[in-house]
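The values are calculated or read from the model by the stated rules, or taken from the named source; none is laboratory data. Note that the structure is predicted; figures quoted are calculated from it, not measured. Methodologically, a virtual Cβ is constructed for each residue, glycine included, from the backbone with ideal geometry; neighbour enumeration extends over all protein chains shown.
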Amino acid sequence: MASKMADIQAQLERATGRTSAPVAPPAPAAPTAAGPRPTSTKAPSREGTIHIGAYLHPDFKTSLRLVQARTGKDIQSLLADALNELFRAHNAPVVDRS
């Protein structure tokens with residue numbers, strides 16, 4: 001990586017006609033203590049849950065935030081309610097969140 005950065009720097013210097021002070025390679029990272037790693041980095045509040053996401057048009061977020069403001073519910077609850085409505089419409093098992 002350091003040689004790639006040096007090559008880029010050299011090309012920039014040639015293109016601009018300027019030179020700069022030589023760049024020292026980054027210092028190696030300090031070795032970490034060899035110990036057992038935690039088995040999970042999940043926050044305790046996320047245990048037993050999964051993340052479901054989607055890339056959608058920004059207008060979805062705008063409308064979702066509007067519904068959130070009108071109902072006072074958090075985004076997670078609104079999405080869970082919406083998914084349960086989708087499940088009902090398609091005769092799929094509804095998730096009981098209790």
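Condition check: surrounded by fewer than 10 Cβ atoms within 10 Å (Cβ to Cβ) and modelled with pLDDT of 85 or more. Does Ala21 satisfy that? So that I can check it myself, show each step before the final result.
Working: surrounded by fewer than 10 Cβ atoms within 10 Å (Cβ to Cβ): yes; modelled with pLDDT of 85 or more: no.
Answer is no for this residue.
In segment 60-93, how many residues are under 16 Å from Thr49 (Cα atoms) and either touching a strand residue (DSSP E or B) at 6+ places or on another chain (Cβ under 9 Å) or β-branched (Val, Ile, Thr) (or both)?
Qualifying residue count for the region: 1.
Whether any residue in segment 51-73 is part of a loop (DSSP other than H, G, I, E, B), surrounded by 10 or more Cβ atoms within 10 Å (Cβ to Cβ) and at pLDDT below 85 is what I want to check. Walk me through it before giving the result.
Keep residues of segment 51-73 that are part of a loop (DSSP other than H, G, I, E, B), which gives 51-57, 72-73.
With surrounded by 10 or more Cβ atoms within 10 Å (Cβ to Cβ) added as a condition, the list becomes 73.
Keeping just the survivors that are at pLDDT below 85 gives none.
Taking every residue of segment 51-73 in turn, none turns out to be part of a loop (DSSP other than H, G, I, E, B), surrounded by 10 or more Cβ atoms within 10 Å (Cβ to Cβ) and at pLDDT below 85.
Please give the number of the condition Asp81 fails out of (1) in a loop (DSSP other than H, G, I, E, B); (2) acidic (Asp, Glu); (3) at pLDDT 95 or above.
(1)
Out of all the residues in segment 84-94, which are surrounded by 10 or more Cβ atoms within 10 Å (Cβ to Cβ) and not in a helix (DSSP H, G or I)?
Hits for segment 84-94 are Ala92, Val94.
Assess whether Leu12 counts as being modelled with pLDDT under 85 and surrounded by 10 or more Cβ atoms within 10 Å (Cβ to Cβ). Explain how you work it out, then say what you get.
Values: modelled with pLDDT under 85: yes; surrounded by 10 or more Cβ atoms within 10 Å (Cβ to Cβ): yes.
Criteria met by Leu12.
Can you find a residue that is at pLDDT below 95 and within 26 Å of the chain's Cα centre (by Cα) anywhere in segment 25-35?
Here is the first cut: in segment 25-35, the ones at pLDDT below 95 are 25-35.
Pick out the ones that are also within 26 Å of the chain's Cα centre (by Cα) and you get 29, 32.
Checked segment 25-35: at least one residue is at pLDDT below 95 and within 26 Å of the chain's Cα centre (by Cα).
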